[in-house]
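**Student:** This structure is in structure tokens; I'll ask about it shortly.
Any read-out appearing in this document is the output of simple, stated calculations on the displayed coordinates, not a laboratory observation. Computed from a predicted model, the values in this text were never measured in an experiment. Every residue, glycine among them, receives a Cβ derived from its backbone with ideal geometry; neighbour counts consider all protein chains shown.
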Amino acid sequence: MGSTSDRANGKSASIKASIFAAGAVLWRKAPGNPYEIEIALIHRPKYDDWSLPKGKLDPGEIPVVAAVREVEEETGLQVQLGRHVARISYEVPGHRKRKRVDYWAAEARGGEFVPNAEVDEMRWLPPDEVPDALSYRMDVRVITRFLEVPADTTTVLVVRHAKAGRRSRYRGDDDLRPLDKHGRAQAEALSTLLQAFGTTEIHTADRTRCVQTVEPLARALSIGIGVEPALSEESYRDDPSATQALLRKIATRGGVQVVCSQGRVIPPLLQWWADRDGVTLPPARNRKGSTWVLSLSGGKLVAANHIDSALPET
């Protein structure tokens, strides 16, 4: 994951994180000016503090899904995630425990705040008023990172197909090699993850394993899958410029686009785009079933984050 801070409280990270949580910088377009934004802060009566919505991961949950759930539970609002903003790690006061929190940008898309046992008040503030209103320095640092990039970005999700066994062990046409048992589990988990970003369209290389990777998502959303031969390894090898042009064309379609491709395409393709627009990609293993979250503003790549797996950590 990009955007990481493991020294949020000025102390060394000598204690390994054992509590995992996720939250969001919840924002909306200002009601009186669609070119400005407002950020939501919540008040927790138990602690008498003003903070960003967050909470611990449920068993078997990943940060992306937890962030969406926690925002809805604490504020009553449905959200669409954007880029990963920060990872904050800090020691829990009074315990030899360390908490790690992943924060995502989250645009309010519906619902209504109702006071509850955890949160009794919510405020929408312009960005310049937020730091002084927050109770914790670490939250201020999250807001600072959030404001480094425009809030209202376009999201493109680039997925490497899920596991499909070894090529050397498959005796048929390799283009038709299907997902294995683990790959099918990855595909189901990817469906949940990708829905958190508000997917509207799906594109995939013309390989059975790529198509099967996004089929659960397509079923969940009741949308079609656009099969694009230019997204395959062979097509990219023969004409990389055509694949580059296709990806940028897809990015201009609006909505939230999912693109599923292969291991020899994604790293060089994204490096080309990052170099072109002056973005530094975070370290990533680009494993099967992983996802790149690309954020664009005005057609230009402004941020890139990597989600190593849609399955929970074991």
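**Student:** For the stretch 4-146, give the share of DSSP beta bridges that are antiparallel, in percent and rounded to the nearest 5; count only bridges with both residues there. Let's see the in-between values first.
**Tutor:** Working: 27 of 38 bridges.
Of those bridges, close to 70 percent are antiparallel.
**Student:** Further question on the same structure: Rounded, prolate or oblate, given the Cα gyration tensor of the stretch 110-263, with a/c below 1.5 counting as rounded? Intermediate values should be presented prior to the final figure.
**Tutor:** Working: a/c = 2.68, a/b = 2.02, b/c = 1.33.
Prolate.
**Student:** For every helix of n ≥ 4 consecutive DSSP H residues, a contribution of -39,500 (n - 2.57) applies; sum these over the chain, divide by its total residues, and give [θ] at 222 nm rounded to the nearest 500 deg cm²/dmol. List each step's numbers first, then the result.
**Tutor:** Working: 8 runs with 86 residues, N = 314.
Result for the chain, helices only: -8000 deg cm²/dmol.
**Student:** For a 32 Å ceiling on Cα separation, which of these pairs sit above it: 46/97; 54/288; 97/181; 29/249; 29/300; 97/300? Show your work: numbers first, answer last.
**Tutor:** Working: 46/97 21 Å; 54/288 29 Å; 97/181 36 Å; 29/249 27 Å; 29/300 21 Å; 97/300 41 Å.
The pairs that break the limit, which is 32 Å between Cα atoms, are 97/181; 97/300.
**Student:** Additional query: With Cβ to Cβ distances under 13 Å as the rule, what net charge do the other residues near residue 301 carry (K, R +1; D, E -1)?
**Tutor:** On the way: positive: 83, 248, 276, 300; negative: 275, 277.
Value of the local net charge: +2.
**Student:** Mind sorting 280, 200, 155 by how few other Cβ atoms lie within 10 Å of their own Cβ, fewest first? Don't skip to the answer; put the middle values down first.
**Tutor:** Numbers: 280 9, 200 14, 155 23.
Final ranking by Cβ density, sparse to dense: 280, 200, 155.
**Student:** Okay, moving on. So what's the angle, to the nearest 10 degrees on a 0 to 90 scale, between helix 181-195 and the longest Cα principal axis of the chain?
**Tutor:** Orientation of helix 181-195: about 50 degrees from the principal axis.
**Student:** Mean separation of Cα pairs under 8 Å and 6+ residues apart, divided by the residue count of the chain: what relative contact order is that in percent?
**Tutor:** Value for the chain: 19 percent.
**Student:** When a/c reaches 1.5 or more, the comparison of a/b and b/c decides; with that in mind, is the chain rounded, prolate or oblate per its Cα gyration tensor?
**Tutor:** Numbers: a/c = 1.94, a/b = 1.66, b/c = 1.17.
Judged from the Cα gyration tensor, the chain comes out prolate (a/c at least 1.5, a/b above b/c).
**Student:** A further question follows. How big is the Rg/Rh ratio for the stretch 4-146, C-alpha atoms only, Rh by Kirkwood, two decimals? Write out the running numbers ahead of the final one.
**Tutor:** Numbers: Rg = 14.6 Å, Rh = 15.4 Å.
Rg/Rh: 0.95.
**Student:** Follow-up question, since we're still on this one. Please name whichever of 200, 226, 241 sits farthest to the positive end of the charge dipole of the chain, dipole taken about the Cα centre and charges placed at Cβ: Lys and Arg +1, Asp and Glu -1.
**Tutor:** Result: 241, furthest along the dipole toward the positive end.
**Student:** Restricting the count to DSSP beta bridges whose residues both fall in the chain, what percent are antiparallel, rounded to a multiple of 5?
**Tutor:** Numbers: 40 of 62 bridges.
Around 65 percent of the beta bridges assigned by DSSP in the chain are antiparallel ones.
**Student:** Using only Cα atoms, find the angle between the long axis of helix 240-251 and the longest principal axis of the chain, and express it within 0 to 90 degrees, rounded to the nearest 10.
**Tutor:** 40
**Student:** Same structure again: As I understand it, the value is the acute angle between the Cα axis of helix 208-221 and the longest principal axis of the Cα atoms of the chain; what does it come to in degrees, rounded to 10?
**Tutor:** 40
**Student:** Using a 10 angstrom Cβ neighbour count of at most 15 plus a DSSP loop assignment to flag exposed trypsin sites (Lys or Arg not before Pro), which longest range of the chain is free of such sites? Write out the running numbers ahead of the final one.
**Tutor:** Values: sites that count: 7, 11, 16, 46, 96, 97, 166, 171, 253, 264, 285, 287.
After excluding every exposed loop site, the longest remaining stretch is 172-252.
**Student:** Further question on the same structure: From the Cα gyration tensor of the stretch 152-211, with a ≥ b ≥ c the square roots of its eigenvalues, which class applies: rounded if a/c is under 1.5, or else prolate if a/b is larger than b/c, or else oblate?
**Tutor:** Here the stretch 152-211 falls in the prolate category.
**Student:** Net charge around residue 70, counting only other residues with Cβ within less than 13 Å of its Cβ (Lys, Arg = +1; Asp, Glu = -1)?
**Tutor:** -3
**Student:** Please compute the volume of the convex hull spanned by the alpha-carbon atoms of the stretch 72-142 and report it per residue in Å³. Don't jump to the answer; show the numbers that get you there.
**Tutor:** On the way: hull volume 8.6 nm³, N = 71.
Convex hull volume per residue, Cα atoms: 121 Å³.
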